[in-house]
Amino acid sequence: MAGKDRSLIAVIGDEDSVTGLLLAGVGHIDNKQRSNFLVVDAKTPVEKIEQTFADFTKRKDIAIILITQAVADDIRPMIDDHSEAFPTVLEIPSKDHPYDPAKDSVLKRIQRLFGEA
Amino acid sequence: MSGAGPRLAVFPTRMALTAMKNRLNGAQTGHSLLKRKSEALTRRFREIVKKIDEAKRKMGKVMQVASFSYAEVKYSTGDIGYQVRESAKSAQLKVRAKTENVSGVQLPAFDMYIDGQNAFELTGLGRGGQQVQKCKDTYAKACEVLVELASLQTAFVILDEVIKVTNRRVNAIEHVIIPRIENTIRWITSELDEQDREEFFRLKKVQNKKKVVRDENDRAREAVEGGATADNAPSNILSQYDIDEDVIFR
């Protein structure tokens with residue numbers, strides 16, 4: 001059930017966050033020249049972010065997708081829809097946007113459950 | 001008649017009745033077991049939710065620290081962003097997924113590991129190399145926390161699904177299967193009772209009919225015998241056997 005081949009950590013975020021994580025060593029370019037990270041700046045169109053996110057979710061070698069909350073807000077509907085266990089989508093804060101639990105999709109789901117329970 | 005509501009289609013025999021009773025027992029045991037499983041899973045679920053909450057806050061702090069160290073690097077070494085992005089070839093930080101069995105459910109857990117050597121050791125980030133190294137370490141630490149969080153989150157999602165399925169099954173047994181079986185049992189019992197009553201009634205009717213015929217015969221015989229004694233002729237004892245009752249065709 002758990003993909004044994006899933007080993008990569010993908011990153012979507014602003015330049016600083018992505019660079020920092022790449023420095024730690026999560027960056028990967030496979031033999032098809034696909035990378036597992038995307039730098040998002042003010043000029044990046046939302047479709048590109050959505051496309052990359054969709055690609056990352058479909059790939060079988062990505063286990064975790066790290067996404068800064070600022071970018072996550074741009075594609076909030078897609079993230080809310082993503083309810084599979086793999087890959088896990090984790091929202092991280094960035095330099096300008098401290099972590100806001102109110103916007104986190106996963107926490108919202110928890111709220112919904114305990115709102116009913 | 002009882003048995004209103006859906007029931008299973010069976011012949012109303014005693015054998016079917018015992019079979020149904022066994023099924024009812026099985027369904028009731030299954031129901032209580034599933035209910036207990038659901039409760040255990042829900043308890044586990046709440047634990048995980050609490051842990052996720054803590055972990056998220058911790059992550060917020062750790063990422064802050066990492067961002068600061070990166071800002072330091074930018075200040076001292078300049079923007080290394082481009083270099084770093086271009087030299088990303090093979091990921092050193094990878095995760096391994098292993099499954100743990102928690103009350104019958106396979107939950108995944110992520111384990112971070114370093115694969116291969118540190119490619120950035122040789123990147124010509126000469127000046128302030130120590131800063132870069134420190135930044136790298138802080139981010140690696142941040143990754144550890146993130147991986148832990150990811151484990152918790154996946155476990156959460158999977159557990160959520162399993163709990164929903166188990167609860168659905170519990171409800172199905174409680175509200176559909178057990179009532180259906182109980183209805184069937186009630187119907188079979190009522191049918192058997194009715195059969196018994198029919199049988200009893202039939203027997204009574206037959207007895208009554210036989211009684212009526214016998215009474216008639218007795219009266220007829222007495223009339224004949226009474227006439228015979230008046231004539232002073234010897235009564236024919238065998239005359240009562242003249243009328244042959246049909247045994248089969250009544």
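Determine if the stretch B:51-59 includes at least one residue that is of a type in the set (A, V, I, L, M) and open to solvent by 80 Å² or more (accessible area, probe 1.4 Å).
no
Can you pull out every residue in the stretch A:53-74 that is buried (at least 22 other Cβ atoms within 10 Å of the Cβ), of a type in the set (Val, Ile, Thr) and assigned to a helix (DSSP H, G or I)?
A:Val71
Please verify whether B:Thr189 is open to solvent by 20 Å² or more (accessible area, probe 1.4 Å), of a type in the set (S, T, N, Q), touching a Ser or Thr at 6+ places or on another chain (Cβ under 9 Å) and at pLDDT below 85, treating the condition exactly as stated.
Judged against the criteria, B:Thr189 is not a match.
Consider only pairs whose beta carbons are under 7 Å apart and that are at least six residues apart or on different chains; among these, list those whose first residue lies in the stretch B:208-225 and is without any contact (Cβ under 8 Å) to a residue 60 or more places away in the chain and whose second residue is surrounded by 11 or more Cβ atoms within 10 Å (Cβ to Cβ).
Hits for this filter: B:Arg221/B:Gln240; B:Val224/B:Ser239; B:Glu225/B:Ser235.
Could you list, in sequence order, all residues of the stretch A:1-37 that are within 21 Å of B:Cys135 (Cβ to Cβ) and among the aliphatic types (A, V, I, L, M)?
A:Ile9, A:Ala10, A:Val11, A:Ile12, A:Val18, A:Leu21, A:Leu22, A:Leu23, A:Ala24, A:Val26, listed by residue number.
Would you confirm whether or not the stretch B:117-127 contains a residue that is facing chain A (nearest Cβ under 9 Å), at pLDDT below 85 and open to solvent by 30 Å² or more (accessible area, probe 1.4 Å)?
Yes, there is a match, as at least one residue in the stretch B:117-127 is facing chain A (nearest Cβ under 9 Å), at pLDDT below 85 and open to solvent by 30 Å² or more (accessible area, probe 1.4 Å).
Could you tell me which residue of the stretch A:80-105 is nearest to the other protein chains (Cβ to nearest Cβ), considering only residues that are assigned to a helix (DSSP H, G or I) and either on the phi > 0 side of the Ramachandran plot or open to solvent by 20 Å² or more (accessible area, probe 1.4 Å) (or both)?
Checked the stretch A:80-105; the qualifying residue nearest to the other protein chains (Cβ to nearest Cβ) is A:Pro101.
Say whether the condition of being within 10 Å of the chain's Cα centre (by Cα), part of a helix (DSSP H, G or I) and modelled with pLDDT under 90 is met by at least one residue in the stretch A:34-43.
no
Exactly one of these conditions fails for A:Pro77: (1) over 14 Å from the mean Cα position of the chain (by Cα); (2) away from chain B (no Cβ under 12 Å). Give me its number.
(1)
Quick test of your reading of the structure: B:Ser2 fulfils all but one of (1) more than 24 Å from the chain's Cα centre (by Cα); (2) at pLDDT 90 or above. Name the failing condition by number.
B:Ser2 satisfies every listed condition except (2).
Look through A:Gly27, A:Gly13 and report the one residue that is facing another protein chain (nearest Cβ under 8 Å) and touching a Ser or Thr at 6+ places or on another chain (Cβ under 8 Å).
A:Gly27
Does the stretch B:133-148 contain at least one residue that is among the polar types (S, T, N, Q) and over 30 Å from B:Met59 (Cβ atoms)?
No: the stretch B:133-148 contains no residue that is among the polar types (S, T, N, Q) and over 30 Å from B:Met59 (Cβ atoms).
The values are calculated or read from the model by the stated rules, or taken from the named source; none is laboratory data. Computed from a predicted model, the values in this text were never measured in an experiment. Heads up, the Cβs are rebuilt from the backbone with ideal geometry, glycines too, and the neighbour counts pull from every protein chain shown. Heavy atoms of the whole protein, side chains included, go into the accessibility calculation; ligands, DNA and RNA do not. Shrake-Rupley method; radii C 1.70, N 1.55, O 1.52, S 1.80 Å.
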